[in-house]
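Presented below is the structure to which this report refers.
Please treat every number below as a calculation from the coordinates, not as lab data. Computed from a predicted structure; not experimentally measured. Note that we place each Cβ from the backbone using ideal geometry, even for glycine, and neighbour counts take in every protein chain shown.
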């Protein structure tokens, strides 16, 4: 696990090249490194352990830990008995409740909001069920703003420090704060401008919903890459979403838009997708598409495809076979191209997994090149509600974890100032 940060031990901070490397820069860099290793230790490491893992002297680590404790970022817990000689070591843990971020997930049919602290604890949560597809961006942002302020009110009663707001959307970030979402009908919507018109929440970090859910799997706790090192995340409901993680980082492409898995071509023929193309995965594997192919009413439960197939319905049987083969071809292609052997399937396809799994497996056996089918792992995750909200909240907290000195040195520092500094 510690190898994830091995490059950072010897590397100078990126800002050192701007104006020369100073002792203050070294302190800032080491402060971030110590905090990340404390998070990585998950309450098992002492100051001596952190010094051993980072290569920083014990005296320096002790001084930096004192700074982090004073800033409310780290706490000490009761000693534990270790194999070392001498006095039992005091454990270091991330501080609970003191700093938090808000993540809100915009879904076609609901908003999910979480306030998350440095321990990964959800301090407050909220759900609003609505049809986002028929609402205007301004209406959705007003609802989102009310949710964010409601969550802030709940958490700040504990005198916690607000780090920032993140939103995940079923779309891509085009430029700055503009988002395009095919399923929501958004075309370069400036969400930050709308939010400022409603309430001044400061700058907002945005991300694709599938990519942020994948990030939450890779980082189940803020700053802790404890999930799979690389994975393919494939989910959906009304549409198809997903993300690719490589070395615990989201693969987002040259322009940050590499998350539209639902609009990869799954067939050369078929219904026209909402994006205007033919054969997109979304137009073949989306819930509406599956029910239509199975000749079931649009308000049916997806599991009814399984029961219809069991009673001999040929359209239902063909739907399961087609869905399984299309998904298998897609997974094999991504695995061959990216060399990834871990996959998480979430969303509506989990409801019919038992019916499509044999066909997925057949395609993987036939098409995987260098990864043995037995080594290709597929995890079925049925409980991913709010996963993208958690992921974007963890991503906002990463701004604090990556540079705690900025927050320690300026108690009044805002997320806006950090964002301006990062992109200056």
(message) What number results when the radius of gyration of the stretch 68-166, computed over Cα atoms, is divided by 2.2 N^0.38 Å?
(response) 1.49
(request) Along Cα→Cβ, 7 Å out, is where each label goes; now give me the distance between the ones at residue 70 and residue 292 in nm to one decimal. (result) 6.4 nm
(message) Which one, 158, 395, 406, has the greatest fluctuation when you compute a Gaussian network model over the chain with C-alpha springs under 10 angstrom?
(response) 158
(message) Using only Cα atoms and rounding to the nearest 10 degrees, what angle (0 to 90) does helix 209-218 make with the longest principal axis of the chain?
(response) 50 degrees
(request) Hey, for a label at residue 367 modelled as a point 7 Å past Cα toward Cβ, could you say which residues of the stretch 278-293 have their backbone N under 12 Å away? (result) 281
(message) Give me the percent relative contact order of the stretch 270-421, please, defined on Cα pairs under 8 angstrom at least 6 residues apart.
(response) 17 percent
(request) Would you mind telling me the antiparallel percentage of the DSSP bridges in the stretch 227-381, rounded to 5? (result) 55 percent
(request) Take 343, 119 and order them by how many other Cβ atoms sit within 10 Å, fewest up front. (result) 119, 343
(request) Rounded to the nearest 500, what is the 222 nm mean residue ellipticity of the chain from helices alone, with -39500 (n - 2.57) per DSSP H run of 4+ residues and division by all residues? (result) -12500 deg cm²/dmol
(message) With both bridge residues required to lie in the chain, what share of the DSSP beta bridges run antiparallel, to the nearest 5%?
(response) 65 percent
(message) Looking at the chain as a GNM with Cα springs under 10 Å, which of 65, 128, 169 has the largest mean-square fluctuation?
(response) 128
(message) For a test of the definition: using alpha carbon positions, the gyration tensor, and the 1.5 limit on a/c, classify the stretch 317-358 as rounded, prolate or oblate.
(response) oblate
(request) Name the shape class, rounded, prolate or oblate, that the alpha-carbon gyration tensor gives for the chain, where a ≥ b ≥ c are the square roots of its eigenvalues, rounded holds for a/c under 1.5, and otherwise prolate holds if a/b is larger than b/c and oblate otherwise. (result) prolate
(message) Can you tell me the orientation of helix 353-367 relative to the chain, as the angle in degrees between its alpha-carbon axis and the longest Cα principal axis, to the nearest 10?
(response) 80 degrees
(request) Quick one: divide the alpha-carbon radius of gyration of the stretch 227-381 by 2.2 N^0.38 Å and tell me what you get. (result) 1.02
(message) How much length would be gained if the chain were fully extended between residue 300 and residue 268, taking 0.36 nm per residue of separation minus their Cα-Cα distance, in nm to one decimal?
(response) 8.8 nm
(message) For a test of the definition: using alpha carbon positions, the gyration tensor, and the 1.5 limit on a/c, classify the stretch 212-257 as rounded, prolate or oblate.
(response) oblate
(message) Once each part is reduced to its C-alpha centroid, what is the distance from the stretch 247-265 to the stretch 23-57 in angstrom?
(response) 32 Å
(message) How would 127, 370, 37 line up from fewest to most surrounding beta-carbon atoms within 10 angstrom?
(response) 370, 127, 37
(request) Quick one: angle between helix 23-41 and the longest Cα principal axis of the chain, in degrees between 0 and 90, rounded to 10, please. (result) 50 degrees
(message) Using a Gaussian network model on the chain with a 10 Å cutoff between Cα atoms, which of 213, 267, 294 fluctuates the most?
(response) 267
(request) For the stretch 135-214, state what percent of all Cα-Cα pairs lands in each successive 10 Å bin, counting from 0 Å until the bin that includes the largest distance. (result) 17, 50, 27, 6
(message) Contact order normalised by length for the chain, with contacts defined as Cα pairs under 8 Å and 6 or more residues apart; what percent is it?
(response) 15 percent
(request) Grab the beta carbon distance between residue 176 and residue 317, set R0 = 35 Å, and tell me the FRET efficiency rounded to 0.05. (result) 0.15
